[in-house]
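Undergrad: Pasting in a structure now, in structure tokens, and then I'll have a few things to ask.
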Amino acid sequence: MQTASVTRTSKETDITAVILPEDGKTEISTGIGFFDHMLTALSVHSRIPMHITAKGDLHVDAHHTVEDTGIVLGQALAKALGDKSGIARYGSAYIPMDEALAFCALDICNRPFLVFDAAFTNAMIGTYDSCLTEEFLRAFAFHAGITLHVRVLYGKNDHHKTEAAFKALAHALRIACTSAGEGAFSTKGILG
């Protein structure tokens, strides 16, 4: 994995994501406190330092900011992984968060797909819409070239369920990005 930076500016958002910044630190600022918390967990638990800054039309709602952050972060990860040769490619993890349990399985294969299975009780977690977790994951998976399955098996607290899902993604991603020798880890000789 190499340092990568992507910026995307539209009429709705202005977002930059840097994977493996030179200072090796994680700095997240999206204007959405709970989302910052989730992205920080994603970075720390995947052991992939990130700088993410996002300015969006939060006076409308958080949808554009969260989805576009997924787009930019996915593009940055794809750029950081290059042709993806030499990575383990697959990763999975079960992560508990108090009473909640989440599972993630993924394949960094250039065939993007998302299966998301989670039920939330509340519409909001702070200023974060619960339904935006799926929107972030879809944008991230499709722009990183990942087949991604995330399931929250059970839980009562929506904060815990969401955090378990983000941390499961992080741990699965850490495993998939580890070195697994030379070339594409595929019987076809290429990914995709």
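The values are calculated or read from the model by the stated rules, or taken from the named source; none is laboratory data. Model, not experiment: these values are computed from the prediction. Positions of Cβ are generated from backbone atoms using ideal geometry, with glycine treated the same way; all protein chains shown enter the neighbour counts.
Undergrad: Say whether the condition of being among the aliphatic types (A, V, I, L, M), buried (at least 22 other Cβ atoms within 10 Å of the Cβ), in contact (Cβ under 8 Å) with a residue 24 or more places away in the chain and outside any loop (DSSP other than H, G, I, E, B) is met by at least one residue in the stretch 55-65. Break it down stepwise before answering.
TA: We begin by selecting, within the stretch 55-65, every residue among the aliphatic types (A, V, I, L, M); these are 58, 60, 62.
The next check asks that each one be buried (at least 22 other Cβ atoms within 10 Å of the Cβ); those that pass are 62.
Those left that are additionally in contact (Cβ under 8 Å) with a residue 24 or more places away in the chain: 62.
When the remaining residues are screened for being outside any loop (DSSP other than H, G, I, E, B), the result is none.
There is no residue in the stretch 55-65 that is among the aliphatic types (A, V, I, L, M), buried (at least 22 other Cβ atoms within 10 Å of the Cβ), in contact (Cβ under 8 Å) with a residue 24 or more places away in the chain and outside any loop (DSSP other than H, G, I, E, B).
Undergrad: Going through Ile48, Ile28, Ile71, Ile52 one at a time, which residue ends up being assigned to a loop (DSSP other than H, G, I, E, B) and either buried (at least 17 other Cβ atoms within 10 Å of the Cβ) or of a type in the set (Asp, Glu) (or both)?
TA: On the way: Ile28 fails: assigned to a loop (DSSP other than H, G, I, E, B); Ile71 fails: assigned to a loop (DSSP other than H, G, I, E, B); Ile52 fails: assigned to a loop (DSSP other than H, G, I, E, B).
Only one candidate qualifies: Ile48.
Undergrad: A further question on this structure: Restricted to the stretch 112-141, and to residues that are free of Cβ contacts under 8 Å to residues at least 24 places away in the same chain and either in a loop (DSSP other than H, G, I, E, B) or of a type in the set (Val, Ile, Thr) (or both), which residue is farthest from Leu101 (Cα to Cα)? Can you show your working first?
TA: The first filter runs over the stretch 112-141 and keeps only residues free of Cβ contacts under 8 Å to residues at least 24 places away in the same chain, leaving 123-124, 131, 134.
Applying the additional criterion that residues be either in a loop (DSSP other than H, G, I, E, B) or of a type in the set (Val, Ile, Thr) (or both) yields 123, 131.
Numbers: Ala123: 20, Cys131: 18 Å.
Taking the candidates together, the pick is Ala123.
Undergrad: Give me a count of the residues in the stretch 113-145 that are within 21 Å of Thr65 (Cα to Cα) and buried (at least 16 other Cβ atoms within 10 Å of the Cβ).
TA: 21
Undergrad: Here is a check on your reading of the model: is Ser5 over 21 Å from Leu148 (Cβ atoms), surrounded by 15 or more Cβ atoms within 10 Å (Cβ to Cβ) and among the hydroxyl-bearing types (Ser, Thr, Tyr)? Lay out the reasoning, then the answer.
TA: Numbers: over 21 Å from Leu148 (Cβ atoms): yes; surrounded by 15 or more Cβ atoms within 10 Å (Cβ to Cβ): yes; among the hydroxyl-bearing types (Ser, Thr, Tyr): yes.
In short, yes.
Undergrad: Working carefully through the options Thr16, Thr69, find the one that is closer than 21 Å to His171 by Cα, hydroxyl-bearing (Ser, Thr, Tyr) and either out of contact with any Asp or Glu (no Cβ under 8 Å at 6 or more places or on another chain) or free of Cβ contacts under 8 Å to residues at least 12 places away in the same chain (or both). Even if it seems obvious, please write down each step before you answer.
TA: Numbers: Thr16 fails: closer than 21 Å to His171 by Cα.
Answer to the check: Thr69.
Undergrad: Looking at Val18, is it within 15 Å of the chain's Cα centre (by Cα) and closer than 24 Å to Ala164 by Cβ?
TA: Details: within 15 Å of the chain's Cα centre (by Cα): yes; closer than 24 Å to Ala164 by Cβ: no.
So Val18 does not fit the description; no.
Undergrad: If you don't mind, there's one more thing I want to ask. Restricting attention to the stretch 169-192, which residues are of a type in the set (Ser, Thr, Tyr) and either surrounded by 12 or more Cβ atoms within 10 Å (Cβ to Cβ) or at pLDDT below 55 (or both)?
TA: Restricting attention to the stretch 169-192, the residues satisfying the condition of being of a type in the set (Ser, Thr, Tyr) are 178-179, 186-187.
The answer is Thr178, Ser186, Thr187.
Undergrad: Quick check: anything in the stretch 84-95 assigned to a strand (DSSP E or B), within 18 Å of the chain's Cα centre (by Cα), farther than 26 Å from Lys55 by Cβ and free of Cβ contacts under 8 Å to residues at least 40 places away in the same chain? Please lay out each step first, then the result.
TA: If we filter the stretch 84-95 for residues that are assigned to a strand (DSSP E or B), which is where we start, we get 87, 90-95.
Filter once more, keeping what is within 18 Å of the chain's Cα centre (by Cα): 87, 90-95.
From what's left, farther than 26 Å from Lys55 by Cβ: 87, 90-95.
Adding the requirement that they be free of Cβ contacts under 8 Å to residues at least 40 places away in the same chain leaves none.
Checking the stretch 84-95: not a single residue is assigned to a strand (DSSP E or B), within 18 Å of the chain's Cα centre (by Cα), farther than 26 Å from Lys55 by Cβ and free of Cβ contacts under 8 Å to residues at least 40 places away in the same chain.
Undergrad: Does Lys156 satisfy being surrounded by fewer than 19 Cβ atoms within 10 Å (Cβ to Cβ), among the charged types (D, E, K, R) and outside any loop (DSSP other than H, G, I, E, B)?
TA: On the way: surrounded by fewer than 19 Cβ atoms within 10 Å (Cβ to Cβ): yes; among the charged types (D, E, K, R): yes; outside any loop (DSSP other than H, G, I, E, B): no.
No, not satisfied.
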